[in-house]
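Nothing in this text is a laboratory measurement; each read-out follows from the coordinates by a stated rule. As the structure is a computational prediction, the values presented were derived from the model and not from experiment. Ideal geometry is used to build each Cβ from the backbone, glycine not excepted, and the neighbour counts take in all protein chains shown.
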Amino acid sequence: MAEMWISMGPQHPMTHGLWTLKVKVDGETIVDADPELGYLHRSVEKMGERRKYFMNTTLTDRLCYASSTTWTHSYVVAVEELMEVEVPTRAQYIRTVMLELQRLASHLMWAGAYMPDLGHITGALYFWRDRELFLNLLELPSGSRLLYNYIRIGGVKRDLPDGFQEKTERILTLFEQRLDEYADLFENSKIFRMRTEDVGKFTGSQAMNLGITGPNLRGCGVKHDLRRDDTYEIYEEIDWDICTREAGPGYSDCFSRYMVRIDEMRESVKIIRECFKKMPKGPTMSSRVPVRASGEAFRRTEDSRGEALMYLVGDGSDRPYRWKIKSPMFTTISACPYYLKGYKLADIPAIMGSIDICIGETDK
Amino acid sequence: MNFKDLQKLLKANEGVTNISTLRENVIKFDLDKSISKEFFKKLKEEYYFEHCSLITAIDNQPDFELVYHLSCLSGELSVGNTKMAAMVEVHIHLTRDSPSIDSVSDLWFGANWHEREAFDLMGIYFIGHPDLRRVLLPEGFAGHPLRKDYVYEIHEEEW
C-alpha cells in the first residue's frame, strides 16, 4: 500500500495541548513520525533575564499548568544554590508536603486525561473528582487553586493554616480507599489492559539514551529517582521507596507506566504522613535572602514527569544573566518516532497519553 | 567505577582543564573544542554517562559558551557510599565568528533537540546534526532571540 503522511494536531484530542504529530503510515501501521512544537512558546528564558530573581516565580508557575509547584520549587532551589541561602527546616518539611500534594494532583490530572484517550470517560470523572480534593488542600496555605506561587526563595510564603494536618489526614484516608476501588475499575479491566499492554514498548537502556526520565524510565524497571539520587529538601530523612514496574525484562509498555504512577501516588501519601509526623516548629522563611547573585549554579529535581534541571548564571546584578530550563517532556516527545514505529494508528492516543505530556513546560 | 577515580582519569586527559568539584556528585571542567567529539564518546562508552541531561548555550559577549550536563542513571558510577547519581558539567568555549561544534546527537539521541534548540535560540551550528531545523520558533524567523545583541521590535518596558 502507498505510504502517506497524516497530520495529528495542533487541534486534536490526542495532543493534550498544542503540538503537531505528523505520522507516516503504511496502511494502518506507523513507519515514521515527526513531532513539531512551538505553538505555546512564550520565551520564558528570555523574559526571565529581564525580571528580578524573585519575580521569576510567577513565570515558573506557568511552565506547567498541571504541576506548577514542582517547577517553581526547581527554580527556587537553583537560585538558593546560586545565592547560598539556608532554608529553615520547617520550610523544607512544608515544601515536601506541598510537592507531594502537587505530585498527587498532577498524576491524577494525567490519569483523568488518559482515560478518555482510551475511550473511558468515566475514568476522567473519577480521577478528576479526587484531584479536586488535593486542589482544595493546596488552596488552604497558598490561596489559589492552579498557580500557587507558594514556594519562595528562602522558604515558603506563609506557615500552614490551623487544622491543615487533620484535613490532609482525612483526605488521604479517603483517597487510599479510592485507589483500591480504581484497582478494580482499571487494572482488572480486560478492555483497559488490552489497550495498554504490549503497546509503546522501549527498554531502560534505550530510554536513557533517548533522554526519557521519570516515571517513564521507572516503568522499565530502572531504579532512578532524583528525590533519592540527587536528594533535596528532606527526602533523605524520610522512609520511602522508589517505585518501579516492568512489563517484561527491562522494558516498559503503557500499562507498566500507568502502574508506576499509581504506585507513586501511594508512596506520596506515605511521604506526606511521615512529614507531618516529623515536622518541627520554627520559622518558615530564611532571615537572609540576597537580591543580587553572581556565578553559576544548577539543581536537578524530580518533577512529576521526570528530570527537571534549572541552570542559572548570574553576573552580579539582580536579574539572571542566563536561565536555562530543562524540561523532561521536551526530550521525551523528541524520541516519539522510536516508540511509535511499528504500532497501529489507533495506538497513538494510548502511547502518547501514557508518557504524560505537558506542553507548557515543553515549549517554555 | 568510583567517582573519585574519574577525577584522576580526567586529569590524565589532554584538553581537559580547570577540573573542580561542584558538589559531592558533580565534577565541572573545561574542554577543548577540537577534541570534544572523541572525548564525549569516551565519557559515554567508558565512564557510563549514558544520559545527556541538558545542553545550554550562553552568550558571554563577545564569545559563546556551551555547557553540557551529562549524568549516569544506571548507578555504575558510585559516589562514595551514597546512592547519589554522578554528573559532569562540561564547559566548551566557542568564538563568536565561528559558533560551530561537532554534534553529539549520534551519541545521545536525547541531545538531538537540545542542539536544535541551541541552534534556534542562540544560533550555534552543530556539524553533523541529522536535522538542524528550528524547533520552537517558526520557519523563516529572522535572528536568534537569546543572543544578547538581538534587538526587539517591540517597546521594552522597564520593570
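Odds and ends about this structure:
- Linear extension gain, A:ASP239 paired with A:LEU179, 0.36 nm per residue minus alpha-carbon span: 19.5 nm
- Centroid-to-centroid, using Cα positions, region A:1-78 and region A:281-346 are 15 Å apart.
- Neighbour counts of C-beta atoms inside 10 Å place A:HIS73, A:HIS107, A:HIS41, A:HIS12 in the sequence A:HIS12, A:HIS41, A:HIS107, A:HIS73, starting with the fewest.
- Under 18 Å of direct C-alpha separation, and excluding same-chain neighbours fewer than eight residues apart, B:LYS41 reaches these aspartates and glutamates: B:GLU14, B:ASP30, B:ASP32, B:GLU50, B:GLU76, B:GLU89, B:ASP102, B:ASP106, B:GLU115.
- Per residue of A:299-312, other chain Cβ atoms within 10 Å of the residue Cβ number 2 on average.
- Calculated FRET efficiency for the pair A:ASP34/B:THR95, C-beta based, R₀ 56 Å, to 0.05: 0.95
- Degrees between helix B:36-45 axis and first principal axis of chain B (Cα, 0 to 90, nearest 10): 50
- Anisotropy class of chain A from Cα gyration tensor, a/c 1.5 cut: oblate
- When you restrict to C-alpha pairs under 8 Å that are six or more residues apart and normalise by the size of chain B, the relative contact order lands at 20 percent.
- Per-residue ellipticity at 222 nm, computed for the protein assembly as shown from helices alone with -39500 (n - 2.57) per DSSP H run of at least four residues, works out to -11500 deg cm²/dmol.
- When each of A:PHE298, B:PHE126, A:PHE175, A:PHE54 is scored by the number of other beta-carbon atoms lying within 10 Å, the sequence from fewest to most is A:PHE54, A:PHE175, B:PHE126, A:PHE298.
- Distance between the C-alpha centres of region A:166-232 and region B:104-124: 29 Å, rounded to the whole angstrom.
- Shielding by other protein chains, B:134-147, mean Cβ within 10 Å: 3
- For chain A: relative contact order, % (alpha-carbon pairs under 8 angstrom, 6 or more apart): 27
- Those lysines that a straight Cα-Cα span of less than 20 Å connects to B:LYS42, excepting residues fewer than 8 apart in one chain: B:LYS4, B:LYS8, B:LYS11, B:LYS28, B:LYS33
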